[in-house]
Amino acid sequence: MRRNIARGLGILSLVWLSGTSLHAQGFSPAGMELLMQQKLWFYSRNAAGTVFDDTRNYSNVKVGYGMERGDFHRPQEGEDTRHLNVSSEGFLNLRDAYVWGEFSFEQRNVHDAGYNASVTDPFRGMPYYVVDSHLSKWRSQYYNLRFRAATPLYWNKVAFGLEGTYVASIATKQRDPRADTRFYTLELVPGITYNINGKHKLGGNFEYASIKEDSRMSNANNYVDQDYYELYGLGVAVKGIGSGRTANYFGNRLGGGIQYNYNVRKVNVLFEGTYTVKVENVEVSFDDPRKDASVKERVAQAALSLYGRGNRFSHFFRTGYYYRHIDGIQYVSQYDNSDSQNGWMDLYHSIRSTYRLKVASADYSVSKNRGDEYSWKVDVGIRYRKNKDEYLLPNSLKGAENLYWGLCGKRNLSIGNTHNRRLLVSAAAGYNKNLSGSYRYGGSHADYLTVTELETQDENYLISDFYRIGADITYSQQYSADKKTHIFAKAGFDYVKTSDYGFDHRSYITFSMGVNF
């Protein structure tokens, strides 16, 4: 944890340095939003494209608090969640290099979470974890460190870049069987771009990531054994009793991407395609490890972004496609205590389950220009999502197909010329329509709670229709008339309503304050 804090302070010092540069630029919240929207290469996987983005210095520091409450949630999520977060971000133009850094920390307290007794995030694409029947508190801490460094164009043709990410989390379950999990991901993404003729650019990047999670279960009350279930996907489970198990998750991810950029004075277009493969293993016990399962995950993504700025209006359009395929592999092992080999031997392994997810989306926004910010902005978007999961033998199926569309309007009000006081008001609405979906279990032990509660309730959530409304308000002003530093405070509220399968609602309240400089 000390190393995490030290690295975070290092990134924070970079943010402060960029904010106090002689060339510092200050932005209101609407101006910061517009600046980040037009930095198309920033949201790609290639840091070498930084030279083709807006390279003005900026920084921000933010503290926030949020609450979630309501019964419309997935079974592993809590009825009541509260979180406190701190984040900082900054970009520094050194002329002979471009440097960007980000640090965030979040403390999350979850109440009445169920069906997870062993992993930090049960939704990260790992189907092999332990569940139990007891609702419990979870206390978690999340650290996220990220940097980008890039060169200018050499010979007016080639630029190089490197992106690095370190994500770490600590999570503990507060009720027997208790869990103590430590998760981290370390990622490096080097990239290169080539300027063909000023209008056309090409880019490519390579990606490597290392993944690790330690999961340890125990009972505080050793006189009472607890029931637990080792989950193998779609309700298939092995029931145990006692204090649970210790598991070691470890793996690597490799991949790469290509980019094409077309940029003229008023139009900027970026296309990107990426492909990654991850293999992650699950071993039970550290002292005498037994290989229990593994996953092979393949992810393909494509995105097309367009930004255009005219004299009066700015336009942004982005469409994307995401496809993920996971093969769940299970192992049959036998213990060998002979003199020649002492330990577990893998006798057989095979693919026993598959998980497919497709997501297609399109978003468009138009804004009325007002200097470096906007006076009003309208966002519309649509998203199609389909998951199709299958346990091969004995056969079980689970799937859901949904279409969501949303609309958001923002008004950036000038409430005083002194200190550039602004009031940014936003209102949004959306609706999710379920198109199809079902869950059918074909294995043994159909009475296990992994079938009757976990997977059944999760499927009900995934195929529910719902509507969403929300609003937020942000007040900002310059710190002083001769400074470009902007301070802001924001409050937001979202409400999700449904009447399907006994669900009712979910509400979200957020508060934040910070500084842009």
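Residues in segment 181-223, backbone N under 18 Å from the label point at Lys157 (7 Å along the Cα-to-beta-carbon vector): list them, ranges by number please. Taking a point 7 Å out along Cα→Cβ of Lys157, the residues of segment 181-223 whose backbone N falls under 18 Å are 192-204.
Between Ala489 and Leu135, what FRET efficiency comes out of the Förster formula 1/(1 + (r/R0)^6) with R0 = 30 Å and r the beta carbon distance, rounded to 0.05? In this case the efficiency is close to 0.30. Take the Cα of Ser218, go 7 Å toward its beta carbon, and the backbone nitrogen atoms of segment 147-181 under 14 Å from that spot belong to 172-181. Among the trypsin sites (Lys or Arg not before Pro) in segment 306-389, those located in a DSSP loop and surrounded by at most 10 other Cβ atoms within 10 Å of their own Cβ are Arg312. Can you tell me the 0 to 90 degree angle between the C-alpha axis of helix 2-19 and the longest principal axis of the chain, rounded to 10? Roughly 20 degrees, rounded to the nearest 10.
Compared with the alpha-carbon gap, the fully stretched path from Leu94 to Asn311 is longer by 75.1 nm at 0.36 nm per residue. To the nearest 10, the accessible area of Val277 is 40 Å² with a 1.4 Å probe. With the simple spin-label model, which puts each label point 7 Å out from Cα in the Cβ direction, the Arg182 to Thr55 separation comes to 4.1 nm. Using heavy atoms of the protein chains and a probe of 1.4 Å, the accessible area assigned to Glu79 is about 70 Å².
What does the helix-only formula give at 222 nm for the chain: each DSSP H stretch with n ≥ 4 adding -39500 (n - 2.57), the total divided by the residues, and the result rounded to the nearest 500 deg cm²/dmol?
-2000 deg cm²/dmol
Carbon and sulfur together cover what percent of the accessible area of the chain at a 1.4 Å probe radius? Heavy-atom surface of the chain belonging to carbon and sulfur, 1.4 Å probe: 56 percent. Given a cut-off of 23 Å, name the pairs among Lys291/Lys358; Lys296/Lys386; Lys278/Lys358; Lys201/Lys368 whose C-alpha atoms lie farther apart than that in the structure shown. As for pairs spanning more than 23 Å Cα to Cα, those are Lys291/Lys358; Lys201/Lys368.
Positive contributions from Lys and Arg (+1) and negative ones from Asp and Glu (-1), summed over other residues with Cβ under 14 Å from the Cβ of Ser375, come out at +4. At the residue level, Thr510 shows approximately 60 square angstrom of accessible surface with a 1.4 angstrom probe and all protein chains present. Among the chymotrypsin sites (Phe, Trp or Tyr not before Pro) in segment 153-244, those located in a DSSP loop and surrounded by at most 12 other Cβ atoms within 10 Å of their own Cβ are Trp155, Tyr223. In segment 196-287, what trypsin sites (Lys or Arg not before Pro) fall in a loop by DSSP, with at most 15 other Cβ atoms inside 10 Å? Taking segment 196-287 and a limit of 15 other Cβ atoms within 10 Å, the loop trypsin sites (Lys or Arg not before Pro) found are Lys199, Arg265, Lys266. Helix 29-38 and the long axis of the chain differ in direction by around 80°, with both axes built from C-alpha atoms.
Our analysis of segment 410-463 gives Rg over Rh at 1.52, with the two radii drawn from alpha carbon positions and Rh computed by the Kirkwood formula.
Each of Lys266 and Asp80 was given a label point 7 Å from its Cα along the Cα-to-Cβ line. The distance between the two points is 5.5 nm.
Report the net charge of residues surrounding Asp465, where surrounding means a beta-carbon distance below 12 angstrom and charges are Lys +1, Arg +1, Asp -1, Glu -1. Charge balance in the 12 Å sphere: +2. The local environment of Leu270, defined by Cβ-Cβ distances under 14 Å, has a net charge of +2 under the rule Lys, Arg +1 and Asp, Glu -1. Residues Lys497, Lys398, sorted by accessible area with the largest first, give Lys497, Lys398 [1.4 Å probe; ligands and nucleic acids excluded]. Of the labelled figures [x] 164; [y] 144; [z] 175, only one reflects volume of the Cα convex hull per residue in Å³ as derived from the coordinates, namely [x].
Taking 0.36 nm per residue of sequence separation and removing the Cα-Cα distance, the Arg370/Asn109 pair yields an extension gain of 89.9 nm.
Ligands, DNA and RNA are left out, and with a 1.4 angstrom probe the accessible area of the chain is 47 Å² per residue.
The values are calculated or read from the model by the stated rules, or taken from the named source; none is laboratory data. All values derive from a computational prediction rather than experimental measurement. Every residue, glycine as well, gets a Cβ built from its backbone with ideal geometry; the counts of neighbours run over all protein chains shown. Each accessible area value is taken on the protein alone, full model and side chains, heavy atoms only, with ligands, DNA and RNA left out. Shrake-Rupley method; radii C 1.70, N 1.55, O 1.52, S 1.80 Å.
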